Amino acid sequence: MIDYALWFAFGCFGIGQLFCLYRVVIAPGVSDRVLALDTMTINLIALIALFGILHDTTMYFEIMMLLAMVGFISTVAYAKFILRGDVIE
C-alpha cells in the first residue's frame, strides 16, 4: 500500500515541478520567477525524500539538507540582487 502512496506522491510532486518550470519560463515579473525557483527547490527536496523512503535508506538526508541550504542562499542572493542591483556590497 505504501508503494502506491509513494508513486502517487512522486506524480504529484513531478506535476508540481512542471508547473513551476512553466512559471519560471512564462512569468510576468522577476519576483514570480524567484518564487517559482524557490518552490522548485522545495519540490526537489520532497522528491529526494520520497526517493529515500522508497529505497528505505537515510543516505539522502544529507543531500536534502545541502540542497535546502543552497536553495535558501540562492533565493536570498537573487532577491537582494533584484532590490539593490548588487549582491556583495
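A simple spin-label model places pseudo-atoms 7 Å from Cα toward Cβ; at Phe8 and Met69 they are separated by 3.6 nm.
Computed over segment 2-82, the alpha-carbon pair-distance distribution with 5 angstrom bins reads 3, 16, 21, 21, 18, 11, 7, 3, 1, each value a whole percent.
Taking a sphere under 14 Å around the Cβ of Phe72 and counting the other residues whose Cβ falls inside, with K and R at +1 and D and E at -1, yields a net charge of 0.
Rule-based calculations on the coordinates, nothing more; no lab input. All values reported here derive from a predicted model rather than from experimental measurement. FYI the Cβ positions are ideal-geometry reconstructions off the backbone, even for glycines, and counts take in every protein chain you see.
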